[in-house]
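Engineer: First the structure, then my questions, so here it is.
The values are calculated or read from the model by the stated rules, or taken from the named source; none is laboratory data. If you're wondering where the values come from, they're calculated on a predicted model, not measured in any experiment. Ideal geometry is used to build each Cβ from the backbone, glycine not excepted, and the neighbour counts take in all protein chains shown.
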Amino acid sequence: MHEWAGLWLRSSGVDTLAVSRPEPPGRAGCISRAGSRPHRVWVGVYDQAPDELSLRARVPVQVPADADTVVLPAAAVSPEASLLLPNDGDFSYCKVRLDPASLEALASSLGRLADPLSRAVAWSSVRDMVRDGELAPRRYLELAASHLPAETDSAIAGHVIGYARLTIADRYLPPGLRGAALADVTSLCRDLLGRHPAADFSGMRLVAARGLIDSASSPDDIAALRSWRSAARVPGGPDLDSRLHWQILLRLAILGAAGRAEIEHDASRDRTAAGLLSATRCRAALPDQAAKQAAWEAMLSGTLSGYELAATAQGFWQADQAGLLAGYVPRYFTALAEVAAGGGTEVARMLCLHGFPHHAADTATVRAAERCLDSDGLTGSLRRLLTDQLEDLRRSLAVRSAR
């Protein structure tokens, strides 16, 4: 147990397993590991078929802790397959990298992998390639548009749409490309709504509706959301529950298409804890200086509950309002250090966890975060959390700079 804990719990980072094909064909292929942990995985061997990537075999491969490269069994490479998918079935904790031929096969046929777990592993590999600067963020959006319309697993679709919307559009693309990305996600979600039967209220249609709400930007999108609210229903279903009503109102508030009066009206009708927090989030999201200043002062007042502080912080920072919020970015890091130094450890933790300006991925924000990290008064746990947020910010900047 001590040996296992040392390898898996006391070591940092995620190992990467990469498959390489034999050069020239007929020789031994291999799987290489960047990291230090042992792995027992299956390599999925797939052939192109008329309607799917057909599984030929799953070949077990052991990667010992003391080996960086392992030769693949002959069954994995002969005859040559269209796709070699390491960690097929998701039996180990690792990132995977595909060889060029396999990546090309996924680009044309990812949605035709029959096993949802295999598709999930493939999507995770593509996501990690974007995150590590090895695949252009726009390419991820193109793959989503090509393969999600045939997807049947709502969990996979939800993760792909969420990553496209919140990470690709808001963090990884330069601001000038964000509008086009939102339009692409909106179009994809409309496509999904049109493809899935009205009876599928809790699955793909719900995922598509939520994705469309969060991505809505154009006047036509705003009109559609307003019609949904009026009818209390997405055309063809599902009906709008309280969560969807508030999600729509939040998006309208962010875009300046709903005001405080509408928020207060809905808050008076929904006196549940969730409703009150949703109203708080919407107030903080309003795109005017008075609303932002009120939210800012509330976050630093020390009078909000943890839930209220989280909701206010979540509403405050919006990539759609980057210009309006630009002056608050440097102030945020100064305030975070001051709150921590003054003993407001829990407030500082909530501000760092829920109120970090992830959308502001530029060198000035990175430098401000580094100065904050060097300041006195940060507890060990807060320093760890801020370090993680800073690393994500650096990654966003690196991805933006690479493309």
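Engineer: Under the condition of being among the β-branched types (V, I, T) and farther than 21 Å from S396 by Cα, which residue from region 311-351 is surrounded by the most Cβ atoms within 10 Å (Cβ to Cβ)? Lay out the reasoning, then the answer.
Structural biologist: Let us first name the residues in region 311-351 that are among the β-branched types (V, I, T), namely 312, 329, 334, 339, 345, 347.
From what is left, the residues that are farther than 21 Å from S396 by Cα are 312, 334, 339, 345, 347.
Numbers: T312: 25, T334: 13, V339: 23, T345: 15, V347: 22.
Only one residue tops the list, namely T312.
Engineer: Consider G176 carefully, then state whether it is under 29 Å from R394 (Cβ atoms), free of Cβ contacts under 8 Å to residues at least 60 places away in the same chain and surrounded by fewer than 19 Cβ atoms within 10 Å (Cβ to Cβ).
Structural biologist: Numbers: under 29 Å from R394 (Cβ atoms): yes; free of Cβ contacts under 8 Å to residues at least 60 places away in the same chain: yes; surrounded by fewer than 19 Cβ atoms within 10 Å (Cβ to Cβ): yes.
Answer is yes for this residue.
Engineer: Okay, next question. Is at least one residue of region 330-351 in a helix (DSSP H, G or I) and under 29 Å from R138 (Cα atoms)? I'd like the intermediate steps shown before the answer.
Structural biologist: Taking region 330-351 as the starting set, the residues that turn out to be in a helix (DSSP H, G or I) are 330-341, 345-351.
Now drop any that are not under 29 Å from R138 (Cα atoms), which leaves none.
No, there is no match, as no residue in region 330-351 is in a helix (DSSP H, G or I) and under 29 Å from R138 (Cα atoms).
Engineer: Any idea which residue in region 49-60 is surrounded by the most Cβ atoms within 10 Å (Cβ to Cβ), counting only those that are part of a strand (DSSP E or B) and within 30 Å of the chain's Cα centre (by Cα)? Walk me through how you get there before you give the answer.
Structural biologist: Narrowing region 49-60 to residues part of a strand (DSSP E or B): 53-60.
Add one more test, that the residue is within 30 Å of the chain's Cα centre (by Cα), and what stays is 53-55, 58.
Details: L53: 27, S54: 17, L55: 19, R58: 20.
This residue is L53.
Engineer: Look at T387 and say whether it is among the β-branched types (V, I, T), surrounded by fewer than 22 Cβ atoms within 10 Å (Cβ to Cβ), in contact with a helix residue (DSSP H, G or I) (Cβ under 7 Å, 6 or more places away or on another chain) and in a helix (DSSP H, G or I). Let's see the steps before the verdict.
Structural biologist: Details: among the β-branched types (V, I, T): yes; surrounded by fewer than 22 Cβ atoms within 10 Å (Cβ to Cβ): yes; in contact with a helix residue (DSSP H, G or I) (Cβ under 7 Å, 6 or more places away or on another chain): yes; in a helix (DSSP H, G or I): yes.
Judged against the criteria, T387 is a match.
Let's see how each residue does on (1) crowded, with 17+ Cβ neighbours inside 10 Å; (2) over 20 Å from V399 (Cβ atoms); (3) more than 17 Å from the chain's Cα centre (by Cα):
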| position | (1), (2), (3) |
| --- | --- |
| H147 | yes, yes, yes |
| T167 | yes, no, no |
| S187 | no, yes, yes |
| L192 | yes, yes, yes |
| H196 | yes, yes, yes |
| L212 | yes, yes, no |
| A224 | yes, yes, yes |
| D239 | no, yes, yes |
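Engineer: Picking from D184, D90, which residue would you name as being outside any helix (DSSP H, G or I), of a type in the set (D, E) and out of contact with any strand residue (DSSP E or B) (no Cβ under 6 Å at 6 or more places or on another chain)? Walk me through it before giving the result.
Structural biologist: Values: D184 fails: outside any helix (DSSP H, G or I).
The unique qualifying residue is D90.
Engineer: If I ask for residues that are closer than 24 Å to E23 by Cα and surrounded by fewer than 21 Cβ atoms within 10 Å (Cβ to Cβ), which ones from region 118-134 would you list?
Structural biologist: M129, E134
Engineer: Between G342, G377, which is out of contact with any helix residue (DSSP H, G or I) (no Cβ under 8 Å at 6 or more places or on another chain) and farther than 22 Å from Q314 by Cβ? Working first, answer last.
Structural biologist: On the way: G377 fails: out of contact with any helix residue (DSSP H, G or I) (no Cβ under 8 Å at 6 or more places or on another chain).
Selected residue: G342, the only one of G342, G377 that is out of contact with any helix residue (DSSP H, G or I) (no Cβ under 8 Å at 6 or more places or on another chain) and farther than 22 Å from Q314 by Cβ.
Engineer: Then there is this: Can you find even one residue in region 52-68 that is over 30 Å from A114 (Cβ atoms), modelled with pLDDT under 95 and hydrophobic (A, V, I, L, M, F, W, C)?
Structural biologist: Quick first cut of region 52-68, residues over 30 Å from A114 (Cβ atoms) only: 64-68.
Okay, now just the ones that are also modelled with pLDDT under 95, so 64-68.
Going one step further and asking which of them are hydrophobic (A, V, I, L, M, F, W, C), we end up with 65, 67.
Checked region 52-68: at least one residue is over 30 Å from A114 (Cβ atoms), modelled with pLDDT under 95 and hydrophobic (A, V, I, L, M, F, W, C).
Engineer: Take E23 and decide whether it is touching a residue at least 24 places away in the same chain (Cβ under 8 Å), of a type in the set (D, E), farther than 25 Å from E151 by Cβ and in the same structural domain as V121 (by TED's automatic domain parsing). Walk me through how you get there before you give the answer.
Structural biologist: Working: touching a residue at least 24 places away in the same chain (Cβ under 8 Å): no; of a type in the set (D, E): yes; farther than 25 Å from E151 by Cβ: yes; in the same structural domain as V121 (by TED's automatic domain parsing): yes.
Judged against the criteria, E23 is not a match.
Engineer: Looking at region 171-186, can you tell me whether even one residue there is in contact with a Lys or Arg (Cβ under 6 Å, 6 or more places away or on another chain) and not assigned by TED's automatic domain parsing to the domain that holds A49? Working first, answer last.
Structural biologist: Going residue by residue through region 171-186, those that are in contact with a Lys or Arg (Cβ under 6 Å, 6 or more places away or on another chain) are 174, 185.
Now drop any that are not not assigned by TED's automatic domain parsing to the domain that holds A49, which leaves 174, 185.
Yes.
Engineer: Which residue, of V185, V160, is of a type in the set (A, V, I, L, M) and in contact with a Ser or Thr (Cβ under 6 Å, 6 or more places away or on another chain)? Explain how you work it out, then say what you get.
Structural biologist: Numbers: V160 fails: in contact with a Ser or Thr (Cβ under 6 Å, 6 or more places away or on another chain).
Only one candidate qualifies: V185.
Engineer: Quick check on region 290-310: of everything there that is within 24 Å of G323 (Cα to Cα) and out of contact with any helix residue (DSSP H, G or I) (no Cβ under 7 Å at 6 or more places or on another chain), which residue is surrounded by the most Cβ atoms within 10 Å (Cβ to Cβ)? Break it down stepwise before answering.
Structural biologist: Going through region 290-310, the residues within 24 Å of G323 (Cα to Cα) turn out to be 290-300, 309-310.
Filter once more, so that each one left must be out of contact with any helix residue (DSSP H, G or I) (no Cβ under 7 Å at 6 or more places or on another chain): 290, 293-294, 297.
Numbers: A290: 9, Q293: 11, A294: 15, E297: 9.
That would be A294.
Engineer: Of all residues being under 20 Å from the mean Cα position of the chain (by Cα) and part of a helix (DSSP H, G or I) in region 352-377, which is surrounded by the most Cβ atoms within 10 Å (Cβ to Cβ)? Just the residue, please. Explain how you work it out, then say what you get.
Structural biologist: Going residue by residue through region 352-377, those that are under 20 Å from the mean Cα position of the chain (by Cα) are 352-362.
Still in the running and part of a helix (DSSP H, G or I): 352-354.
Details: C352: 24, L353: 16, H354: 18.
So the residue we want is C352.
Engineer: Ok, one more. Report, by residue number, each residue of region 385-403 that is at pLDDT below 95 and not hydrophobic (A, V, I, L, M, F, W, C).
Structural biologist: R400, S401, R403
Engineer: Mind checking which pairs have a first residue in region 106-122 that is within 20 Å of S92 (Cα to Cα) and a second that is aromatic (F, W, Y) and not in a helix (DSSP H, G or I), Cβ under 8 Å, 6 or more apart or different chains?
Structural biologist: Listed by first residue and then by second, the contacts come to L113/Y46.
Engineer: Filter region 61-86 down to residues that are crowded, with 22+ Cβ neighbours inside 10 Å and of a type in the set (A, V, I, L, M) and give me whichever is nearest to C30 (Cα to Cα). Walk me through how you get there before you give the answer.
Structural biologist: Kept after step one, since they are crowded, with 22+ Cβ neighbours inside 10 Å, are these residues of region 61-86: 63, 72, 76-77, 81, 83-86.
Now restrict to residues that are of a type in the set (A, V, I, L, M): 63, 72, 76-77, 81, 83-85.
Details: V63: 11, L72: 5, A76: 10, V77: 9, A81: 14, L83: 14, L84: 11, L85: 12 Å.
Ranking the candidates gives L72 first.
Engineer: Another question about this same structure. How about region 331-357: which of its residues are of a type in the set (K, R) and under 18 Å from R371 (Cβ atoms)? Steps first, please.
Structural biologist: Pass one, region 331-357, residues of a type in the set (K, R): 331, 349.
Once the filter is applied, which keeps residues that are of a type in the set (K, R) and under 18 Å from R371 (Cβ atoms), region 331-357 yields only R331.
Engineer: Quick check on my filter: what residues within region 103-117 are in a helix (DSSP H, G or I) and surrounded by fewer than 23 Cβ atoms within 10 Å (Cβ to Cβ)?
Structural biologist: L103, E104, A107, S108, S109, G111, R112, P116, L117
Engineer: Among the residues that make up region 263-281, is at least one of them among the charged types (D, E, K, R), under 19 Å from S227 (Cβ atoms) and under 24 Å from the mean Cα position of the chain (by Cα)?
Structural biologist: Taking region 263-281 as the starting set, the residues that turn out to be among the charged types (D, E, K, R) are 264, 266, 269-271, 281.
Add one more test, that the residue is under 19 Å from S227 (Cβ atoms), and what stays is 266.
Subset that is under 24 Å from the mean Cα position of the chain (by Cα): none.
No, every residue in region 263-281 fails to be among the charged types (D, E, K, R), under 19 Å from S227 (Cβ atoms) and under 24 Å from the mean Cα position of the chain (by Cα).
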